[in-house]
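> Before we start, here is the structure in question, set down as structure tokens.
FYI, it's all coordinate maths here, none of it is from the lab. This structure is a prediction, so every number in the text was calculated from the model and none was measured. Cβ coordinates were reconstructed from backbone atoms using ideal geometry, including for glycine residues, and neighbour counts include every protein chain displayed.
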């Protein structure tokens with residue numbers, strides 16, 4: 001089920017975004033795992049600080065990319081939530 | 001075949017350990033402290049691992065806290081950009097050391113617990129340890145470090161799975177790893193005493209599944225079934241020489257914990273070779289890479305890219321031939337070995353305790 005636009009996602013505190021200089025791409029690191037992410041994924045996750053709602057993240061990135069990315073952002077964060085890599089604050 | 005870049009290095013810094021757990025995966029023959037790699041050796045290995053593509057570093061043992069240079073090693077690993085997990089019993093985790101580890105940049109601390117029942121926990125560990133573990137967990141929480149609880153499950157504690165999960169939640173764990181015993185080293189020697197019964201496994205599964213749902217978004221629960229009770233084998237470390245490197249205290253580089261048991265493998269040491277050579281050129285890391293080595297039923301199996309025929313070391317340990325299908329696979333012609341092992345779940349719990357003193361041949 002997709003997360004609600006009002007949900008305020010926060011990157012799991014055990015995960016951190018890093019840059020893999022060997023593969024030359026951004027990566028999300030967490031216990032026993034690593035997920036390669038693209039620049040868009042990185043931009044989304046960097047806004048997952050527990051204060052921005054999904055609606056706000058979508059608005060900010062839609063403005064940045066001059067295109068409505070609401071569906072992509074919601075899908076991406078829902079997947080990341082299902083994988084335990086982002087948490088969602090109660091609202 | 002194209003060679004993958006490794007992602008994970010498990011550094012077994014030492015075999016020294018205050019605990020004597022009978023489920024330990026360390027080998028029966030353990031080297032003494034004077035044979036351990038030096039600080040500079042380990043730092044070089046971490047740098048070489050990062051340059052090869054490794055992202056995850058597990059600092060394990062034995063008990064890594066017995067190494068006085070642990071904080072220096074953590075700082076170096078973090079400088080290299082490795083996600084660094086300390087796998088510890090918490091014995092020896094003083095406030096000063098915990099603070100130094102935090103300063104050094106440790107990403108994640110995983111503390112082992114043996115049981116919720118104190119007497120049984122200490123019976124498994126072979127030493128009084130519960131109080132120190134609870135203090136260690138409190139310390140990790142007080143310093144706001146990322147914190148996992150790890151409990152190896154077996155016949156002597158599986159009935160308390162629900163309580164174990166509750167304990168992890170009460171300790172404030174971010175994550176709990178509940179893995180049934182894998183039968184390497186000391187665990188293999190203790191298999192009769194560790195193997196859970198089918199009833200225990202069947203009772204535990206819904207408990208774990210319900211808890212995973214209940215704690216979703218609060219505490220991550222990883223529950224690993226005993227492979228002896230599974231239909232298909234585990235994809236051992238993502239395939240031989242595919243993503244994983246283990247380095248033992250004396251510097252042997254291995255594709256899997258149990259590899260030292262397989263005869264005719266030519267062991268290589270990080271003292272003698274760069275990790276890149278070991279990964280790309282050494283015979284041991286290519287011995288079971290890919291699937292050219294496979295026999296039937298693996299060779300024509302649609303699952304061969306999923307589980308790689310299971311664990312080579314387990315296949316060797318149980319069938320005498322490392323190229324056989326891991327007998328835990330229901331398709332293995334030697335699956336009777338597993339059925340036989342599962343019939344042995346009535347042995348009294350008279351553990352053979354892990355000890356370095358019994359070994360030290362080098």
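> If only one of B:246, B:225, B:254 is in contact (Cβ under 8 Å) with a residue 60 or more places away in the chain, in contact with a strand residue (DSSP E or B) (Cβ under 9 Å, 6 or more places away or on another chain) and within 29 Å of residue B:28 (Cβ to Cβ), which one is it? Please lay out each step first, then the result.
Values: B:225 fails: in contact (Cβ under 8 Å) with a residue 60 or more places away in the chain; B:254 fails: in contact (Cβ under 8 Å) with a residue 60 or more places away in the chain.
It is B:246.
> Based on this model, can you work out whether residue B:73 counts as assigned to a loop (DSSP other than H, G, I, E, B), away from chain A (no Cβ under 14 Å), over 17 Å from the mean Cα position of the chain (by Cα) and surrounded by 20 or more Cβ atoms within 10 Å (Cβ to Cβ)? Working first, answer last.
Numbers: assigned to a loop (DSSP other than H, G, I, E, B): no; away from chain A (no Cβ under 14 Å): yes; over 17 Å from the mean Cα position of the chain (by Cα): yes; surrounded by 20 or more Cβ atoms within 10 Å (Cβ to Cβ): yes.
Considered against the rule, which asks whether it is assigned to a loop (DSSP other than H, G, I, E, B), away from chain A (no Cβ under 14 Å), over 17 Å from the mean Cα position of the chain (by Cα) and surrounded by 20 or more Cβ atoms within 10 Å (Cβ to Cβ), residue B:73 comes out as no.
> Within region B:200-213, identify whether any single residue is farther than 26 Å from residue B:134 by Cβ and either within 14 Å of chain A (Cβ to nearest Cβ) or outside any helix (DSSP H, G or I) (or both), and answer yes or no.
yes
> Scan region B:1-40 for residues that are surrounded by 20 or more Cβ atoms within 10 Å (Cβ to Cβ) and assigned to a strand (DSSP E or B) and jot them down.
Scanning region B:1-40 gives B:8, B:9, B:11, B:12.
> Could you tell me which of the residues B:52, B:57, B:65 is within 14 Å of chain A (Cβ to nearest Cβ) and surrounded by 24 or more Cβ atoms within 10 Å (Cβ to Cβ)? So that I can check it myself, show each step before the final result.
Details: B:52 fails: surrounded by 24 or more Cβ atoms within 10 Å (Cβ to Cβ); B:65 fails: within 14 Å of chain A (Cβ to nearest Cβ).
So the residue among B:52, B:57, B:65 that is within 14 Å of chain A (Cβ to nearest Cβ) and surrounded by 24 or more Cβ atoms within 10 Å (Cβ to Cβ) is B:57.
> Just to verify a result, which residue in region A:57-82, among those that are under 19 Å from residue B:220 (Cα atoms) and free of Cβ contacts under 8 Å to residues at least 12 places away in the same chain, is nearest to the other protein chains (Cβ to nearest Cβ)? Show your work before the answer.
Going through region A:57-82, the residues under 19 Å from residue B:220 (Cα atoms) turn out to be A:77-82.
If we keep only those that are free of Cβ contacts under 8 Å to residues at least 12 places away in the same chain too, we end up with A:79, A:82.
Values: A:79: 14, A:82: 9 Å.
Within region A:57-82, the match that is nearest to the other protein chains (Cβ to nearest Cβ) is A:82.
> Give region A:57-71 a look and list any residue that's outside any helix (DSSP H, G or I) and surrounded by fewer than 17 Cβ atoms within 10 Å (Cβ to Cβ), or say none. Don't jump to the end; show me each part of the working.
Filtering region A:57-71 for residues outside any helix (DSSP H, G or I) gives A:66-69.
If the condition is that a residue be outside any helix (DSSP H, G or I) and surrounded by fewer than 17 Cβ atoms within 10 Å (Cβ to Cβ), then A:66, A:67, A:68 are the ones that fit.
> Just for helices (runs of 4 or more DSSP H) wholly inside region B:261-362: which have at least 2 residues that are over 25 Å from residue B:5 (Cβ atoms), within 20 Å of the chain's Cα centre (by Cα) and in contact (Cβ under 8 Å) with a residue 12 or more places away in the chain? Quick ask: steps written out before the conclusion?
Details: elements: B:275-280, B:283-286, B:304-307, B:312-319, B:336-342.
Once the helices (runs of 4 or more DSSP H) in region B:261-362 are filtered for at least 2 residues that are over 25 Å from residue B:5 (Cβ atoms), within 20 Å of the chain's Cα centre (by Cα) and in contact (Cβ under 8 Å) with a residue 12 or more places away in the chain, what remains is B:312-319.
> Quick one: would you say residue B:197 is under 22 Å from residue B:226 (Cβ atoms) and either within 14 Å of chain A (Cβ to nearest Cβ) or surrounded by fewer than 17 Cβ atoms within 10 Å (Cβ to Cβ) (or both)? Show your work before the answer.
Numbers: under 22 Å from residue B:226 (Cβ atoms): yes; either within 14 Å of chain A (Cβ to nearest Cβ) or surrounded by fewer than 17 Cβ atoms within 10 Å (Cβ to Cβ) (or both): yes.
Answer is yes for this residue.
> Please find, among B:64, B:6, B:18, the residue that is over 18 Å from residue B:106 (Cα atoms) and in contact with a strand residue (DSSP E or B) (Cβ under 8 Å, 6 or more places away or on another chain).
Numbers: B:64 fails: over 18 Å from residue B:106 (Cα atoms); B:18 fails: in contact with a strand residue (DSSP E or B) (Cβ under 8 Å, 6 or more places away or on another chain).
Only one candidate passes the filter, namely B:6.
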